[in-house]
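First comes the structure, then the notes that go with it.
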Amino acid sequence: MDIAVTETILVTGGAGYIGSHACVALLIAGFEVVVLDNFSNSHPLALERVQKITGRTLVFQQGDLRDHTMLDQLFHAHRISAVMHFAVLKAVGESCSNPLAYYDNNVVGTIHLLQVMQAHAVQRLIFSSSATVYRPSAVMPLDENAALGATNPYGQTKQMIEQMLMDCCASAPWQVALLRYFNPVGAHESGLIGEDPAGIPNNLLPYVAQVAAGVREVLPVFGNDYNTPDGTGVRDFIHVQDLVAGHLAALRLLLTKDKQQAFCRPYNLGTGNGYSVLEMVQAFERISGKSVRYRIMPRRDGDVAACWANAQRAQQELSWVAEKNLDAMLADSWRWQSNNPQGYRS
Ligand code: NAD
Ligand code: UDP
């Protein structure tokens, strides 16, 4: 079924890494987009670039999810059909040292969002969840029925929000997709938008890219004594463009659902393939033509040896499958990094 192109989607955290790519995909697909972001982990230039890539304009509101009055006014001012909710704090280590900031921003922020949505009878939501909600397991791949058990405050906030959304659906007809991302990497092929971590990157790929670009000297490889083929951690890396295509597929599903019927379902968004840290380093060197110095370090607290997705549910129910291979992920990541050595501040 075709979706009317006049639907307006609120994108919380739309200036961030994944949110900015989602805005591009929504605008190209013909949706109207309203972005809410407080720039706590992003830059206004990202939204200018989104408009440059698409040749379309979006509405932008600078503000915090916990500003209930502002949120209410935003929903009064725009006829919003559905929300894509990306706006959280996401640094695992920081969540361990400052858990209250994470519960406040992520859980309290989401409660305000859900309250205002409910007050305006907007009950379609796509939530950015994460594979971190799963209990660490030696059995791979993970499907959506795998046991939950986040191991750090950031992951707990994701699990709590999932639970809140399931409880909302049990009490009223919400339509919700819980999208559990594996490891998003890559950038838009224009090289205009991409991941722009503040300070030392927590995630592997931005760190590798910064070493290749000469911004950082040496990559710490956290452990080479795991029970994996080369001893380093294995993850399911997925191109951010594939990831946002999964959001569009979920949005289309929600928009066709009966508004009187509750729907809340988790979907894994991954490729189903795992690559090790050293495989990523070697592939990045090949793609970029640069060397990536690394040093083996002790294991990082909380890391699992290997994690990859069974994404069959998304394939069957959303007609979505990740299409871009590792070379495309790394080439796009490198284009973004080399065009913007200091991210949006370049
Ligand atoms: P990001 O930090 O780049 O984007 C989040 C955006 O939300 C930022 O622009 C930030 O300024 C904004 N924001 C945060 N708190 C806010 C608040 N209270 N009010 C208004 N704006 C606020 O992160 P990302 O990598 O784009 O991640 C997007 C979502 O995907 C997050 O929910 C994250 O937990 C989830 N996720 C990300 C990854 C990953 O590896 N990037 C993996 C799994 C899940
Ligand atoms: N990793 C690493 N060095 C880094 C960052 C990450 O060796 O500077 C490893 C990490 O131990 C894990 C893999 O890369 O095995 C993916 O880590 P990332 O933080 O990107 O994702 P997540 O831990 O969320 O899966």
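Of the residues M280, M297, which single one is more than 19 Å from the chain's Cα centre (by Cα), modelled with pLDDT of 95 or more, surrounded by 15 or more Cβ atoms within 10 Å (Cβ to Cβ) and not small (G, A, S)? Please lay out each step first, then the result.
Working: M297 fails: surrounded by 15 or more Cβ atoms within 10 Å (Cβ to Cβ).
Residue meeting the stated conditions: M280.
To keep it simple, each residue is scored yes or no on (1) in contact (Cβ under 8 Å) with a residue 40 or more places away in the chain; (2) among the charged types (D, E, K, R); (3) away from ligand 2 (no atom under 13 Å from the Cβ).
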{"position": "Y207", "(1), (2), (3)": "no, no, no"}
{"position": "E217", "(1), (2), (3)": "yes, yes, no"}
{"position": "T228", "(1), (2), (3)": "yes, no, no"}
{"position": "H239", "(1), (2), (3)": "yes, no, yes"}
{"position": "K259", "(1), (2), (3)": "yes, yes, yes"}
{"position": "Y267", "(1), (2), (3)": "yes, no, yes"}
{"position": "G274", "(1), (2), (3)": "yes, no, no"}
{"position": "V281", "(1), (2), (3)": "yes, no, no"}
Fill in: strands (runs of 3 or more DSSP E) contained entirely in the range 70-184, each with at least 3 residues that are of a type in the set (S, T, N, Q)
124-130
Worksheet item: Out of all the residues in the range 47-93, which are more than 9 Å from ligand 1 (Cβ to nearest atom), among the acidic types (D, E) and in contact (Cβ under 8 Å) with a residue 24 or more places away in the chain?
Response: D72
Discussion item. Can you pull out every residue in the range 24-40 that is assigned to a strand (DSSP E or B), within 11 Å of ligand 1 (Cβ to nearest atom) and surrounded by fewer than 22 Cβ atoms within 10 Å (Cβ to Cβ)?
Written reply: none
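Among H21, H43, which is within 18 Å of H188 (Cα to Cα), in a loop (DSSP other than H, G, I, E, B) and either within 14 Å of ligand 1 (Cβ to nearest atom) or of a type in the set (D, E) (or both)? Reasoning before the result, please.
Values: H21 fails: in a loop (DSSP other than H, G, I, E, B).
Of the residues listed, the single one that is within 18 Å of H188 (Cα to Cα), in a loop (DSSP other than H, G, I, E, B) and either within 14 Å of ligand 1 (Cβ to nearest atom) or of a type in the set (D, E) (or both) is H43.
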Worksheet item: Does at least one position in the range 138-155 carry a residue that is modelled with pLDDT of 95 or more, within 30 Å of E32 (Cα to Cα) and in contact with a strand residue (DSSP E or B) (Cβ under 7 Å, 6 or more places away or on another chain)?
Response: no
Worksheet item: From the set of residues in the range 151-170 that are of a type in the set (A, V, I, L, M, F, W, C) and within 16 Å of ligand 1 (Cβ to nearest atom), which is surrounded by the most Cβ atoms within 10 Å (Cβ to Cβ)?
Response: I161
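The values are calculated or read from the model by the stated rules, or taken from the named source; none is laboratory data. On a predicted model such as this, the values are computed, not experimentally measured, just so you know. Note: ideal-geometry Cβ built from the backbone for every residue, glycine included; neighbour counts use all protein chains shown.
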